[in-house]
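Bear in mind these aren't lab numbers, they're just calculated from the coordinates by the rules spelled out. The model shown is predicted, which means the values in this text are computed figures rather than measured ones. With ideal geometry, Cβ positions are generated from the backbone for all residues, glycine too; neighbour counts draw on all protein chains shown.
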Amino acid sequence: MVMPLRERQYYFRDYYDQGEELILEGQQLRCKLSSKFSMTQKLGSPLAEDGPVVIVEETEGGEPGQPANVTLELEYEATLKPDGYRLDISKDGKITMAASNKRGLRYGIDALHRLLGIEDGKCRLPVAAIHDEPSFPVRGIIEGFYGTPWSFEDRKDAVQYMAAHRMNTFMYAPKDDPYHRELWREPYPEDTFARIAELKQECDDHLVDFYYCISPGNDLQFRSSADFASLENKLAAMISIGVRHFALLMDDIDYELSGDNFHYLERSGLAHAYVANRVFTYLNSQLPEFTLAMCPSEYWSYWDTGYKRDIREQLHASIKVFWTGYSVFAPQIGSRHAQDNHRHYGHELWLWDNIPVNDADYDRLFLDPVRGRYSQLGRTGHQAVVANPMVQWECSKITLNTMAHYMWNSERYMPELSWELSVREFAGALEEEMMFFCRQNLNSQLYSGGYEELKEAVQSKDIDRLDVYFKHLESIVSRLLQWDNSKFKAEAGPWLDRALADVELWRAVRRKVTGTGGGNGNGDGDGKESAEPGSSAELRRRAEACQAFKVRLGSDPAWRAAEAWGLAVREGKSGYRLALEAEDAG
């Protein structure tokens, strides 16, 4: 199926066509390659011999293979931004692709994959011109959450996912990897280091930049030559496997100086600039080209401070600075806060966006799109956006796809449309079911809207509408549990099971408030409370079943219904308890 016009106009920055198609014989787009890009013709992983787009090699003697059905001409165009490309598909069977780097060529090939439709033994492409460039030079993921780090299999899948979605950066920074933070002085065990080297190679194979991040701030002694030697040894090991991109993370530490650190440097901003500058000097002595970013301890806020003044005045000009917005989880990142903080830090800013990370809400999944980011953030001194995902990698893909849309073309980004496209890509034939499930799991750290259908039914105590809602929830979950995406079911399984428990709690609430199902909740004559349908005992049993889960839906559907009828009260941020004491006393 050819990519719909509406999606083409959204996905590509500038897209032009007049409704014509290039129709070619064959089940593959077989390209005869002509290159003015470089003297080498290797395009890397975007092309596979059995894929829909292949390069037809010219042979000298021997049996010729299947003939080409199109000409692909590559051109080097220095005026294009890094990773950008220009693609022209003409009626005469010629495709011209221009880029200023190899990654741009890869994205151009990916664009052909997206545009190509194969039907009835024919290839169909729109006759079109595309000019596609990113809003941010650095776009990607930082594995920077608390909780169980991803497996290396998940990390490799993340690299492949990023490459397929025009993201170019993977930052290795798992908070609960002891060798990243607690044991930063210690070398990695051989087997772990070998897996990091494999991950670095995976990044290279997919044209994704691998960043090694280290977090020594909890106990680094600033006057200790041994500590700096340990830090340099850790970096040297990474340099030995080809790493050229690094980040020094001084976040989430007690940054008030004490003891010898205080006597030596006095102020934490001065100290952190000092450490980052020493790391920069070391890397500069080892590598002809490298990148260094640092995350300051004051990584959120929007006002000026003495700490920021020290970073502004003392930090080497080439070092990039992270921030997360005006709070750790920023509902909005607007132009004024972005401009102010760029001025306060005086360095190129990199947005560490805590979306869709759930390490402050381990009981929740966040499955909605990124919202509230300034459309022209790249014009306020920001050259990078990296998203911090959930522990649940597979479930993170839905939000990350919308992040990828924003990172590539922030000026045109539309959250609801991106969400629709991301859910469709993720779930395929189960798009409607997945979207309903996503709408039960919105990001409470960043968004206070949603659940309107449920809210209206609860507020009006409309039992019929609530019946329809919960039957729909039960049906949706049953279909998702039968889906062949085993990774999703393993990660989301506790939330799917919890949804079914909510359905049963609603039914107990319904029987209680309507008096159906028998039982009056006042015991069975033996001093024992009846557990018949409609009784308080049944309601308690279903409530306890929900509370036994360590997870919950963001919509909290059954508890909200119970609260509406005075059968439950909210306790704290996410808890409820039954309110049957008066009845029990009677």
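With each run of n ≥ 4 DSSP H residues scored as -39500 (n - 2.57), what mean residue ellipticity at 222 nm is computed for the chain after dividing by its residue count and rounding to the nearest 500 deg cm²/dmol?
-12500 deg cm²/dmol
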field: Spacing of the two label points (7 Å from each Cα toward its C-beta) at Arg379 and Tyr362, in nm
entry: 4.4 nm
Between region 153-172 and region 3-36, the Cα center-to-center distance that results, in Å: 25 Å
field: Residue (of Val423, Ile253, Phe152) at the positive-pole extreme of the chain, dipole from beta-carbon charges
entry: Ile253
field: Fewest-first ranking of Glu544, Glu202, Glu289, using other Cβ atoms within 10 Å as the exposure measure
entry: Glu289, Glu544, Glu202
task: Quick one: of Lys156/Lys234; Lys32/Lys94; Lys36/Lys102; Lys200/Lys489; Lys461/Lys512; Lys471/Lys550, which pairs are farther than 18 Å apart, Cα to Cα?
output: Lys156/Lys234; Lys200/Lys489; Lys471/Lys550
query: For Rg and Dmax of the Cα atoms in Å, the listed values are (i) 23.9, 78; (ii) 27.9, 98; (iii) 34.2, 121; which was obtained by calculation from the structure presented?
result: (ii)
Partners for Lys91 among aspartates and glutamates (Cα-Cα distance below 18 Å; same-chain residues under 8 apart left out): Asp17, Glu20, Glu21, Glu25, Glu73
query: Lys/Arg Cβ at +1, Asp/Glu Cβ at -1, dipole of the chain taken about the Cα centre: which of Leu29, Met403, Gly372 is farthest positive-ward?
result: Gly372
- prompt: Amide H of Phe145: which non-local residues (sequence gap of 5 or more, or other chain) have their own amide H closer than 5 Å, using H built in the peptide plane?
  reply: Lys175
- prompt: So what is the relative contact order of region 138-425, in percent, for Cα pairs below 8 Å that sit 6 or more residues apart?
  reply: 18 percent
- prompt: So for Arg541, Arg507, fewest C-beta neighbours within 10 Å to most, what's the order?
  reply: Arg541, Arg507
- prompt: Under a 5 Å amide H to amide H cut-off, with H placed in plane at 1.01 Å, what residues pair with Ser34 once short-range neighbours are removed?
  reply: Leu72, Glu73, Leu74
task: May I ask for the net charge around Pro296, where only other residues with Cβ less than 9 Å from the Cβ of Pro296 are counted and Lys, Arg are +1 while Asp, Glu are -1?
output: -1
- request: Quick one: check the C-alpha center-to-center distance for region 375-403 versus region 186-248, whole angstrom.
  value: 23 Å
- prompt: Ordered by residue, what ³J(HN,Hα) values in Hz, to whole numbers, does region 314-324 give under the Karplus form 6.51 cos²θ - 1.76 cosθ + 1.60, where θ = phi - 60° and Gly and Pro are x?
  reply: 10, 6, 3, 4, 7, 7, 7, 10, 7, 8, 10
field: Built amide H within the under 5 Å cut-off of His245, gap 5+
entry: Tyr212, Thr291
message: Per residue of region 242-250, what does 6.51 cos²θ - 1.76 cosθ + 1.60 with θ = phi - 60° give for ³J(HN,Hα)? Whole Hz please, x for Gly and Pro, Karplus curve as stated.
response: x, 6, 10, 10, 9, 9, 9, 10, 10
- prompt: How high is the relative contact order of the chain, in percent, counting Cα pairs under 8 Å that sit 6 or more residues apart?
  reply: 10 percent
Share, in percent, of DSSP beta bridges within the chain that are antiparallel, nearest 5: 35 percent
statement: The residues Ser35, Ser240, Ser268, sorted from fewest to most surrounding Cβ atoms within 10 Å, come out as Ser240, Ser35, Ser268
query: How much length, in nm to one decimal, is gained on full extension between Val2 and Arg577, taken as 0.36 nm per residue of separation minus their Cα-Cα distance?
result: 201.8 nm
